[in-house]
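Each remark here refers to the structure printed beneath this line.
The values are calculated or read from the model by the stated rules, or taken from the named source; none is laboratory data. Predicted model only: the values in this text are computed from it and were never measured. For neighbour counting, all protein chains shown are included, and Cβ atoms are generated from backbone atoms with ideal geometry for every residue, glycine included.
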Amino acid sequence: MDEIKILGIVGSLRKDSYNRAALKAAQECVPQGAVLNLVELHGIPVFNQDDEITLPATVLEFKRRILAADAILFATPEYNYSLPGVLKNAIDWASRPYGESAWLGKPAAMMGVSVGNIGTARAQYHLRQILVTLDMPTVNQPEVLIGNAAQRFDEHGRLTDEPTQQFIRKLLSALVRLARINPKQNTRVA
């Protein structure tokens with residue numbers, strides 16, 4: 001298999017998002033033979049099933065990016081014991097219309113950053129439930145639950161915590177292995 005193309009999905013719209021910073025740190029931890037590109041969720045409208053036959057341009061581009069990837073890395077904050085609405089909304093759009101899901105069979109991993117002690121355990125649990133229904137094989141270990149964000153990132157948003165960097169490296173290695181043994185079912189688009 002050629003170079004593994006991982007799409008990192010920033011699950012937060014916040015300008016100074018720790019989750020975006022974690023994905024940028026992950027770009028420096030990608031194993032040889034893989035590349036990690038990021039996608040933001042800005043501009044994706046609220047899902048409306050009435051609009052799924054003629055998808056908005058931002059949604060078409062988002063789906064194109066997913067289809068072009070060999071694997072997905074979600075980085076999600078935790079809001080009210082779950083994943084943010086913006087991430088769930090984007091997931092819903094990319095799964096529609098029925099029978100044309102961009103997610104089908106796409107290997108995935110997840111991580112998340114929070115200012116609290118337990119990281120994003122509950123958000124990731126809910127995300128795993130969603131990925132099951134989308135038929136996405138997922139990396140189960142390691143779980144990358146980055147808590148106490150202010151102690152792990154510097155004032156410029158750089159991840160400075162070496163143990164966290166090691167967890168991210170292990171997660172990416174596991175995702176690349178999963179992508180190699182379970183190649184995506186969807187075909188790549190130009």
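Please indicate, with yes or no, whether at least one residue in segment 106-123 is closer than 22 Å to E3 by Cα and not in a strand (DSSP E or B).
Yes, segment 106-123 contains at least one residue that is closer than 22 Å to E3 by Cα and not in a strand (DSSP E or B).
Do we have T164 as modelled with pLDDT under 95, touching a helix residue (DSSP H, G or I) at 6+ places or on another chain (Cβ under 9 Å) and either closer than 18 Å to K24 by Cβ or of a type in the set (S, T, Y) (or both) here?
No, not satisfied.
If I ask for residues that are over 20 Å from P107 (Cα atoms) and in contact (Cβ under 8 Å) with a residue 24 or more places away in the chain, which ones from segment 72-86 would you list?
Once the filter is applied, which keeps residues that are over 20 Å from P107 (Cα atoms) and in contact (Cβ under 8 Å) with a residue 24 or more places away in the chain, segment 72-86 yields P77, E78, Y79, Y81, S82, P84, V86.
Would a scan of segment 63-71 turn up a residue that is surrounded by 21 or more Cβ atoms within 10 Å (Cβ to Cβ), over 17 Å from M110 (Cα atoms) and in contact with a strand residue (DSSP E or B) (Cβ under 8 Å, 6 or more places away or on another chain)?
no
Counting only residues that are aromatic (F, W, Y) and more than 11 Å from the chain's Cα centre (by Cα), which one in segment 58-112 is farthest from A25 (Cα to Cα)?
Y98
P137 passes all but one of (1) surrounded by 17 or more Cβ atoms within 10 Å (Cβ to Cβ); (2) closer than 18 Å to R65 by Cα; (3) not acidic (D, E); which number fails?
Failing condition for P137: (2).
Are there any pairs with C-beta distances below 9 angstrom linking a residue in segment 87-106 that is more than 13 Å from K63 (Cβ to Cβ) to a residue that is modelled with pLDDT of 95 or more and of a type in the set (S, T, N, Q), with the two at least 6 apart or on different chains, and if so which?
Pairs that qualify, where the first residue is more than 13 Å from K63 (Cβ to Cβ) and the partner is modelled with pLDDT of 95 or more and of a type in the set (S, T, N, Q), are L87/S12; L87/T76; K88/S82.
Looking at T76, T120, T58, which is the one that is among the polar types (S, T, N, Q) and over 20 Å from T138 (Cβ atoms)?
On inspection, the qualifying residue turns out to be T58.
May I ask you to verify whether L55 is hydrophobic (A, V, I, L, M, F, W, C) and within 11 Å of the chain's Cα centre (by Cα)?
no
Test of understanding: among L145, L175, L171, L131, which residue is hydrophobic (A, V, I, L, M, F, W, C), part of a helix (DSSP H, G or I) and within 24 Å of D16 (Cα to Cα)?
L171
Taking only pairs six or more apart or across chains, which ones have beta-carbon atoms under 6 Å, a first residue in segment 39-52 that is surrounded by 11 or more Cβ atoms within 10 Å (Cβ to Cβ), and a second residue that is basic (K, R)?
V39/R65; E52/R96
Can you go through M136, M111 and tell me which one is of a type in the set (A, V, I, L, M) and under 14 Å from A21 (Cβ atoms)?
M111
Table: residues versus (1) touching a helix residue (DSSP H, G or I) at 6+ places or on another chain (Cβ under 7 Å); (2) modelled with pLDDT of 95 or more; (3) of a type outside the set (S, T, Y); (4) over 18 Å from A94 (Cβ atoms).
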{"residue": "R20", "(1), (2), (3), (4)": "no, yes, yes, yes"}
{"residue": "Q27", "(1), (2), (3), (4)": "no, yes, yes, yes"}
{"residue": "N37", "(1), (2), (3), (4)": "no, yes, yes, no"}
{"residue": "G43", "(1), (2), (3), (4)": "yes, yes, yes, no"}
{"residue": "E52", "(1), (2), (3), (4)": "no, no, yes, no"}
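Filter segment 151-160 for residues that are free of Cβ contacts under 8 Å to residues at least 12 places away in the same chain and not in a helix (DSSP H, G or I) and give the result.
D154, E155, H156, T160
crowded, with 23+ Cβ neighbours inside 10 Å, within 28 Å of L55 (Cβ to Cβ) and either among the hydrophobic types (A, V, I, L, M, F, W, C) or in contact (Cβ under 8 Å) with a residue 60 or more places away in the chain (or both): does that describe G112?
It is true that G112 is crowded, with 23+ Cβ neighbours inside 10 Å, within 28 Å of L55 (Cβ to Cβ) and either among the hydrophobic types (A, V, I, L, M, F, W, C) or in contact (Cβ under 8 Å) with a residue 60 or more places away in the chain (or both).
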